[in-house]
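Q: Dropping a structure here in structure tokens format, bear with me for questions.
No value in this document is a laboratory result; all are computed from the given coordinates. Since the structure is predicted, the reported quantities are computational estimates derived from the model, not experimental observations. When we count neighbours, we look across all protein chains shown, and the Cβ atoms used for this are built from the backbone with ideal geometry, even at glycine.
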Amino acid sequence: MKMETPYQNHIDKADFDHVYEPAEDSFLLIDALEKDLEYLKAKNPTFCLEVGSGSGVVITALGMAFPGALCLSTDINFKACVMSKATATYNKVVLDAVNMDLATAFTDKKFDIIIFNPPYVVTESEECGGTDITASWAGGVKGREVTDRLLSLIPKKLADNGTFYLLLIEDNIPSEVVGIMAKYGFRHDIVVTRRVRNELQRVLKFHR
Ligand SMILES: C[S@@+](CC[C@H](N)C(=O)[O-])C[C@H]1O[C@@H](n2cnc3c(N)ncnc32)[C@H](O)[C@@H]1O
């Protein structure tokens, strides 16, 4: 089964000075969801969340594949939330795009699908934690400072039968992430892997 790539004709190129422009990693995440479409359909997801939605192409693609599901997105960058909402609307997907850190303000919600293409570039810790375009890439130590904070939330935010998709590169030491999630009781699979210039990108999925 195929997933559709959302139209992005509504976006002014200049807006990508402030919001992450969809790139190979964004489309690898969509490819991973497409590969798992049958698996996900069988679970009949109701609540879907993308953390750090940027332009909104990934959560919009998911919303197009699951028109009956309620889609939410978050981003620390307010301009990204505005763009995500616009991308969803342009593609006739209903999306609540919320400006927040990770998923911390969703206190009582459990999601069937959570997706995250994090800021994964290794940087100084001081560079990490901004709310502008730097938040798109600056990942701090091991490129994992933001990711690791989300990992600790997953046991509370993911429904028992839910699936969490996470994009990582080699610098992030995926084996350590697998170990952290195993301690929380999650199994993992590698859904897709692709070399993009000097980066080996992969999407892992975690489930109980
Ligand atoms: C690599 S970009 C991915 C954007 C989009 N999901 C895509 O795949 O094209 C990472 C996104 O995470 C957002 N982000 C970074 N730290 C965050 C945090 N603490 N909470 C929510 N979003 C965050 C950034 O603003 C950026 O939009």
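Q: Could you work out how far the C-alpha centroid of segment 20-79 sits from that of segment 138-207, in angstrom?
A: Cα centres, segment 20-79 to segment 138-207: 16 Å.
Q: In addition: Less than 20 Å apart at the alpha-carbon level, and either on another chain or at least 8 residues along: which lysines does that give for Lys156?
A: Those lysines meeting the cut-off are Lys43, Lys109, Lys110, Lys183, Lys205.
Q: Let me ask another. When 1/r is averaged over all different Cα pairs and the result inverted, which Kirkwood radius in Å belongs to segment 74-164?
A: Kirkwood hydrodynamic radius for segment 74-164: 14.1 Å.
Q: Moving on. Charges only on Cβ, +1 for Lys and Arg, -1 for Asp and Glu: so what's the dipole of segment 22-207 about the Cα centre, in debye to the nearest 20?
A: 540 debye
Q: Check each of the trypsin sites (Lys or Arg not before Pro) in segment 1-52 and keep only those in coil by DSSP with at most 13 other C-beta atoms within 10 angstrom; list them in order.
A: Counting only loop positions with at most 13 other Cβ atoms within 10 Å, the trypsin sites (Lys or Arg not before Pro) in segment 1-52 are Lys2.
Q: OK, next. Mind checking which of Asn44, Ala88, Thr74 is farthest towards the positive end of segment 22-207's charge dipole, using Cβ charges of +1 (Lys, Arg) and -1 (Asp, Glu) about the Cα centre?
A: Asn44
Q: Which of Met3, Met100 has the fewest other C-beta atoms within 10 Å, and how do the rest follow up to the most?
A: By the 10 Å Cβ count, ascending, the order reads Met100, Met3.
Q: Per DSSP H run of n ≥ 4, the term is -39500 (n - 2.57); total these for the chain, divide by its residue number, and report the mean residue ellipticity at 222 nm rounded to 500 deg cm²/dmol.
A: Only helices count here, giving -9000 deg cm²/dmol.
Q: With no solvent and one equal point scatterer per Cα, compute the Debye intensity ratio I(q)/I(0) for the chain at 0.11, 0.15 Å⁻¹ and report its log10, rounded to two decimals.
A: -0.45, -0.89
Q: Among bridges DSSP assigns within segment 22-207, what percent are antiparallel (round to 5)?
A: 45 percent
Q: Next up: Summarise the long-distance tail of P(r) for segment 1-120 by giving the % of C-alpha pairs beyond 25 Å.
A: 15 percent
Q: Can you list which of the GluC sites (Glu not before Pro) found in segment 1-101 are DSSP loop residues with at most 16 other C-beta atoms within 10 Å?
A: Within segment 1-101, the qualifying GluC sites (Glu not before Pro) (loop, at most 16 other Cβ atoms within 10 Å) are Glu4.
Q: Output the Kirkwood hydrodynamic radius of segment 23-81, Cα pairs only, in Å rounded to one decimal. Walk me through the numbers before you get to the answer.
A: Values: mean 1/r = 0.0842 Å⁻¹.
Here the Kirkwood hydrodynamic radius works out to 11.9 Å.
Q: Count neighbours as other Cβ atoms within 10 Å of each site's Cβ, and list the GluC sites (Glu not before Pro) in segment 107-141 that are DSSP loop with at most 13 such neighbours.
A: Those satisfying the criteria are Glu124.
Q: Using only the Cα atoms of segment 67-116, what do you get for the radius of gyration and for Dmax, in Å?
A: Considering segment 67-116 through its Cα atoms, Rg and Dmax are 11.0, 29 Å.
Q: Over the chain, with a Gaussian network built from C-alpha contacts below 10 Å, which listed residue (Asn99, Asn198, Asn44) shows the highest mean-square fluctuation?
A: In this elastic network of the chain, the residue with the biggest mean-square fluctuation among Asn99, Asn198, Asn44 is Asn198.
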